[in-house]
1. If the requirement is being touching a residue at least 40 places away in the same chain (Cβ under 8 Å), open to solvent by 80 Å² or more (accessible area, probe 1.4 Å) and under 15 Å from the mean Cα position of the chain (by Cα), which of these qualifies: ASN313, ASN299, ASN303?
2. For the range 135-153, which positions are charged (D, E, K, R) and either closer than 30 Å to MET272 by Cα or buried (at least 24 other Cβ atoms within 10 Å of the Cβ) (or both)?
3. Out of the residues in the range 90-119 that are aliphatic (A, V, I, L, M) and surrounded by fewer than 24 Cβ atoms within 10 Å (Cβ to Cβ), which is nearest to the chain's Cα centre (by Cα)?
4. Just one of the numbered conditions (1) more than 22 Å from PRO173 (Cα to Cα); (2) touching a Phe, Trp or Tyr at 6+ places or on another chain (Cβ under 9 Å); (3) of a type outside the set (Ser, Thr, Tyr) is not true of GLN254; which one?
5. Open to solvent by 10 Å² or more (accessible area, probe 1.4 Å) and either part of a strand (DSSP E or B) or closer than 24 Å to ASP147 by Cα (or both): does that describe PHE206?
6. Might you check whether a residue that is part of a loop (DSSP other than H, G, I, E, B), open to solvent by 40 Å² or more (accessible area, probe 1.4 Å) and of a type in the set (Val, Ile, Thr) occurs anywhere in the range 43-57?
7. Out of the residues in the range 60-105 that are in contact with a helix residue (DSSP H, G or I) (Cβ under 6 Å, 6 or more places away or on another chain) and part of a strand (DSSP E or B), state the one that is nearest to ALA316 (Cα to Cα).
8. Go through the range 109-148 and give me each residue that's within 18 Å of LYS235 (Cα to Cα) and either of a type in the set (Lys, Arg) or touching a Pro at 6+ places or on another chain (Cβ under 7 Å) (or both).
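The values are calculated or read from the model by the stated rules, or taken from the named source; none is laboratory data. Quantities reported herein were computed from a predicted structural model and do not represent experimental measurements. Reconstructed Cβ throughout: ideal geometry from the backbone, glycine too, with neighbour counts over all protein chains shown. Ligands, DNA and RNA are excluded from the accessible area calculation, which covers all protein heavy atoms including side chains. Shrake-Rupley method; radii C 1.70, N 1.55, O 1.52, S 1.80 Å.
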Amino acid sequence: MKIALDAMGGDFAPAKPVLGAIEALKEISDLEIILVGKKELIEEELKKNSYTSDRIEIKDTCDIIEMDEDPVQGVRSKPKASMNVMLDLVKSGEADASVSGGNTGALITASQLKLRRIKGVLRPAIATIFPAKNKQIVFMDVGANADCKPEFINQFSLMGSVYAKELLDIENPKVGLLNIGTEEGKGNEITRESFELLKKHNYINFYGNIESRDMMNGEVDVVVTDGFTGNMVLKASEGVAKFIFDFLKEEIGQSLRGKIGALLLKPIFKKMKKRMDSSEYGGAIFLGLNGISIKAHGNSDENGFKNAIKVANKFAKDNFIEQVKVAIDKCKEEKNEF
């Protein structure tokens, strides 16, 4: 497999993307990586890490779409930006998948323009992995579609189920619809109409409504919602997790008893931190496109980029896009329309 990595994308580029690429190559023996970005800066980072390998190729580019830049304008006015060139490599078949930690809006725009939607897909969606009790779940849409229709959410459920089967090895994943209550008939017009479509869907295992407070209890494997709600829930969860860790750190440091207790509980705290760390899950994928485009967190360290590359590699190896296409076609053939 050959993965194209936007070496200029992210808060700590090119240092962290390059280091993440090095770590991924150490763990995956049959992987090649194309580092896309400013050649002299990439070479400098490789030199810092004393790394030379014929499994790394550098694609020199002259432009960068900045993190705070207008997404559409950045994509259209900078065809030679690292993000655009990275996706061009996937489009042309020179790379099997792509990873970027850059401007999210720009990556959504560029991915849709260059990779295009799979035939039959109404709207691509951003799917991410979310920690839950004794497992992980797929959560989508987390930002691609702020304004949604029930048919979109219905289709998200199918693509999310394929994702859960592929990445989490769940044979018949249960799908929950994010809502303000569990009873049928709860919610606004979109969620009520989505519920009706989901319960008639022949190719998903529909659990019913699920409240945000119950997402992590392990009852379902896939949670679907509109992109506006999903993004709010995702960021609120990240904020709560950060608050808890910051609070514990501050309180523990204020007394000897706290420090001793923390020392005894260190393995548990370490395990909890790893479970809650978004960088462990390899970023989010744009589902519904004719190519693999993975979005790593903008503040990812080398571990985050390494895991994003590993996820991209797995999807490419297992022909994930073809699996989505087959699922969409099967639904259309049997008139389970979206």
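1. Working: ASN313 fails: open to solvent by 80 Å² or more (accessible area, probe 1.4 Å); ASN303 fails: open to solvent by 80 Å² or more (accessible area, probe 1.4 Å).
Only one candidate passes the filter, namely ASN299.
2. Within the range 135-153, the subset charged (D, E, K, R) is 135, 141, 147, 149, 151.
Across the range 135-153, the qualifying residues are LYS135, ASP141.
3. Residues of the range 90-119 that are aliphatic (A, V, I, L, M), as a first pass: 90, 95, 97, 99, 106-108, 110, 113, 115, 118.
Filter again for surrounded by fewer than 24 Cβ atoms within 10 Å (Cβ to Cβ), leaving 108, 113, 115, 118.
Working: ILE108: 12, LEU113: 19, LEU115: 17, ILE118: 18 Å.
Applying the filter and picking the extreme gives ILE108.
4. Only one criterion in (1) more than 22 Å from PRO173 (Cα to Cα); (2) touching a Phe, Trp or Tyr at 6+ places or on another chain (Cβ under 9 Å); (3) of a type outside the set (Ser, Thr, Tyr) is unmet by GLN254, namely (2).
5. Numbers: open to solvent by 10 Å² or more (accessible area, probe 1.4 Å): yes; either part of a strand (DSSP E or B) or closer than 24 Å to ASP147 by Cα (or both): yes.
Here the answer is yes, as PHE206 does meet what is asked.
6. Taking the range 43-57 and keeping what is part of a loop (DSSP other than H, G, I, E, B), we get 49-55.
From what is left, the residues that are open to solvent by 40 Å² or more (accessible area, probe 1.4 Å) are 49-55.
Filter once more, keeping what is of a type in the set (Val, Ile, Thr): 52.
Taking every residue of the range 43-57 in turn, at least one turns out to be part of a loop (DSSP other than H, G, I, E, B), open to solvent by 40 Å² or more (accessible area, probe 1.4 Å) and of a type in the set (Val, Ile, Thr).
7. Ranking the qualifying residues of the range 60-105, first place goes to ALA97.
8. Answer for the range 109-148, where residues must be within 18 Å of LYS235 (Cα to Cα) and either of a type in the set (Lys, Arg) or touching a Pro at 6+ places or on another chain (Cβ under 7 Å) (or both): just ALA144.
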